[in-house]
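See below for the structure under consideration.
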Amino acid sequence: MDRLHLTQHISRQFNSEIEDVRRQVLAMGGIVEEQIAAAVRVLVAREAGALGEIREREQRINAAELAIDEQCAFILARRQPAASDLRLVLSVMKMLADLERIGDEAKRIARLGEHLLNEESGADVTAALAELGHVARDMLRGALDAFARLDEQLALDVMHRDRRLDGSFRSVSATLVARMQQVPEQIPVELDRLWCARSFERIGDRCKNLCEFVLYLVRGKDVRHSGLAKGDAPRG
C-alpha cells in the first residue's frame, strides 16, 4: 500500500484509520471465505452441524459490513480524503456489498444443501459441485490477497480464472438438465443442485468485481465495462 502513499499523512490518527479500514475488510473477507467452506461441507460432506455456524457467521458478516461502512463514512466526512486515499475509501464501500452478497450466496448453498442431506444419488454431480466450490473459494482468496498487496497482476489472474468457473458451471448445468429430462421425479433434487451451481458462479462474478476495484486502486481508472481488464493477459 505504501507505493500509493496510503500510509503517509500528517495526521497519525488518519494513518491509523486508513490502515484499520484495510484490516477490517480483510478480516471480513476471511469470515466470508470460511462461510463458503462451511457451505461446501454441508453440500458435499453433508455436515449438518455446519448449519448453525453458518447462521452465526452470517451475523458477524452483516455486523462487519455495517461497522466498516460507518468507519468509511466517518473518514469521508471528517478527513475529506483525496487521490489514492479517496479511491481506497470508495472502493472499500463498494467491496463491502460484494463481500456481503458472497456470504449470502454461501448461506443459500448451505440451505439448499440441507435439502440434499439424505439424497444418495448423483455422486458425480456432487463432485462437480465440490470443484465449483473450490474454484470459487480460491478466487475469493486470490481477490483478497490482491487487495492486501495491491497486486495488479494477481487481480488479473483471478479475473481470468472466472472463465474456468463459467465453463464448469455450464457443464454441470447441462448434466443436471439432462438428468431432469431422463428422470422427471428427480427434478426437485436436481433443481436444488442447479441453484447451488448458479450460486457458485455468482460468487465468481462477485470476486471479479473485487478485483476490478483493486485495478481501480492501482491504476486510478475504473475498468468496469471498459474492456481494459479483458485485454490484459493472465500471468504464465
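If you average the sequence gap of Cα pairs under 8 Å that are 6 or more apart and divide by the length of the range 27-73, what percent do you get for the contact order? Numbers along the way, then the final one.
Values: 21 pairs, mean separation 19.1, N = 47.
The value is 41 percent.
How long are the semi-axes of the equivalent ellipsoid of the range 66-125, defined as square roots of 5 times the Cα gyration tensor eigenvalues? Whole Å, largest first. List each step's numbers first, then the result.
Numbers: eigenvalues 345, 26, 4 Å².
Semi-axis lengths for the range 66-125 are 42, 11, 4 Å.
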note = Over the chain, the sum of -39500 (n - 2.57) across DSSP H runs of at least four, divided by residue number and rounded to 500 deg cm²/dmol, gives at 222 nm -28000 deg cm²/dmol
message = Within 13 Å, Cβ to Cβ, of Glu190, how many net charges do the neighbouring residues add up to if Lys/Arg are +1 and Asp/Glu are -1?
response = -1
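Starting from the Kirkwood radius over alpha-carbon pairs of the range 71-199, derive D by Stokes-Einstein at 10 °C in a medium of 1.306 mPa s and give it in µm² s⁻¹. Working shown, then result.
On the way: Rh = 17.1 Å.
In µm²/s, the coefficient is 93.
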remark   = Toy charge model, Lys and Arg Cβ at +1, Asp and Glu Cβ at -1: the chain dipole around Cα centroid in debye, rounded to 20, equals 640 debye
remark   = Proxy exposure order for Glu201, Glu105, Glu152 (fewest C-beta within 10 Å first) is Glu152, Glu201, Glu105
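Counting alpha carbon pairs within less than 8 Å and at least 6 residues apart, what relative contact order, in whole percent, applies to the chain? Spell out each step's value before the answer.
Numbers: 282 pairs, mean separation 57.7, N = 236.
About 24 percent, as a whole number.
Grab the alpha carbons of the range 2-219, take their convex hull, and tell me the volume per residue in Å³.
Numbers: hull volume 21.9 nm³, N = 218.
Given the Cα convex hull of the range 2-219, per-residue volume reads 100 Å³.
Values in this text are rule-based calculations from the coordinates and carry no lab data. Since this is a predicted model, take the numbers as computed values, not measurements. Methodologically, a virtual Cβ is constructed for each residue, glycine included, from the backbone with ideal geometry; neighbour enumeration extends over all protein chains shown.
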